[in-house]
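Accompanying notes for the structure given below.
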Amino acid sequence: MILVTGAAGKTGQAVIKALVARRQPVRALVRRDEQTQIVKSLGAKEAIVGDMRDATTLRRAAQGVHAIYHICPNVSPEEIRIGKTAIAAAREAGVERFVFHSVMHPQTEAMTHHWNKLRVEEALFESGVAYTILQPSSYMQNVLGGWKAIVERGVYTVPYTVEARMSMVDLDDVAQAAAVVLTEPGHLGATYELAGPEVLTQTQIAEILSKHLKRPVRAEQKTIEAWTLQARASGMGEYQIETLLKMFRYYDRNGFWGNPHTLASLLGREPTKFERFIKRTMGQVTNG
Ligand SMILES: NC(=O)c1ccc[n+]([C@@H]2O[C@H](COP(=O)([O-])OP(=O)(O)OC[C@H]3O[C@@H](n4cnc5c(N)ncnc54)[C@H](OP(=O)(O)O)[C@@H]3O)[C@@H](O)[C@H]2O)c1
């Protein structure tokens with residue numbers, strides 16, 4: 001049995017699908033009762049409802065599993081504490097492998113949520129638990145958050161320069177890589193950067209969207225003020241806003257790109273290009 005934490009989120013759901021495709025029994029840790037339905041429909045064998053900040057919940061969830069895939073809630077101020085609690089639960093339960101869903105470039109102190117993941121990685125090194133660390137770049141799926149404006153108004157907005165260079169990765173590729181390291185030998189003690197196969201500016205992303213939507217799409221920079229107002233109106237917490245603003249400022253200065261070779265090696269194929277991801281999203285091609 002493999003425990004997946006953060007299981008009802010977008011990463012968790014993708015990882016469950018990839019594990020179920022390999023006929024692996026999955027126990028899903030979800031926060032709310034109604035999320036058990038979501039993970040069960042994806043093929044999870046068991047679902048446990050509980051708060052990841054609670055050590056008893058993590059201990060209960062870790063009982064009897066041979067591996068854990070730990071996904072921390074997005075931009076959590078308690079990422080380090082949750083990570084350490086999950087590692088302790090794995091150690092107590094004698095879990096054979098702990099795979100941590102980290103992020104590309106966790107060494108970046110300027111991005112708090114990246115830096116926090118580095119601290120969790122450090123705790124893993126010191127824990128004595130057999131581990132693998134995956135460090136994905138930002139997901140191509142994030143573009144879908146602005147899909148309505150792309151399709152209806154032909155505008156793809158980002159709160160940083162449209163010339164920022166990114167090597168976005170397909171979350172489905174990340175999930176397949178997760179399934180590989182969870183089920184195949186040879187990955188203990190490894191730290192793998194998972195970047196997409198192309199380094200694209202936001203303008204180039206808009207060009208690809210234009211081509212496949214068969215309508216002009218332009219990349220536009222949203223001001224930090226406009227983004228913050230919208231985030232507050234949507235109910236986002238101040239910690240999350242401040243942390244994401246740091247990330248946008250970092251992207252604005254440096255972009256966010258890495259190297260795809262490790263992901264290609266894990267998948268045994270070239271990682272998915274943005275163009276193929278968009279075609280798949282529009283139902284023009286199947287996955288793979
Ligand atoms: N998005 C990216 O491009 C990207 C790239 C690299 C790494 N990552 C990392 O991937 C991780 C997951 O991101 P995501 O976008 O998949 O997140 P997400 O969709 O927000 O999913 C997080 C899940 O955790 C649940 N959750 C929140 N607080 C919880 C708690 N206290 N106890 C138990 N469950 C709780 C959420 O439930 P509710 O629905 O109830 O809130 C949700 O189901 C994050 O650590 C992020 O940093 C993301």
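Rule-based calculations on the coordinates, nothing more; no lab input. Just so you know, these numbers come straight off a predicted model, no measurement behind them. Glycine gets a Cβ as well: all are built from the backbone with ideal geometry, and neighbour counts include every protein chain shown.
Assorted remarks:
- Scanning segment 80-88 for residues that are within 15 Å of the ligand (Cβ to nearest atom), in contact with a strand residue (DSSP E or B) (Cβ under 8 Å, 6 or more places away or on another chain), in a strand (DSSP E or B) and under 25 Å from residue 263 (Cα atoms) turns up nothing.
- Residue match in segment 135-148 (condition: away from the ligand (no atom under 11 Å from the Cβ), in a loop (DSSP other than H, G, I, E, B), in contact (Cβ under 8 Å) with a residue 40 or more places away in the chain and surrounded by fewer than 24 Cβ atoms within 10 Å (Cβ to Cβ)): no
- Pairs linking a residue in segment 256-284 that is over 17 Å from residue 138 (Cα atoms) to a residue that is among the acidic types (Asp, Glu) and surrounded by 18 or more Cβ atoms within 10 Å (Cβ to Cβ), with Cβ atoms under 8 Å and 6 or more positions apart or on different chains, are 267/173.
- Taken together, the criteria place residue 97 among residues that are crowded, with 19+ Cβ neighbours inside 10 Å, over 18 Å from the mean Cα position of the chain (by Cα) and either among the charged types (D, E, K, R) or within 11 Å of the ligand (Cβ to nearest atom) (or both).
- Within segment 1-61, strands (runs of 3 or more DSSP E) holding 2 or more residues that are away from the ligand (no atom under 13 Å from the Cβ) and either over 21 Å from residue 102 (Cβ atoms) or not hydroxyl-bearing (Ser, Thr, Tyr) (or both): 26-30
- Selected residue (criterion: nearest to the ligand (Cβ to nearest atom)) from residues of segment 62-79 that are small (Gly, Ala, Ser) and part of a loop (DSSP other than H, G, I, E, B): 76
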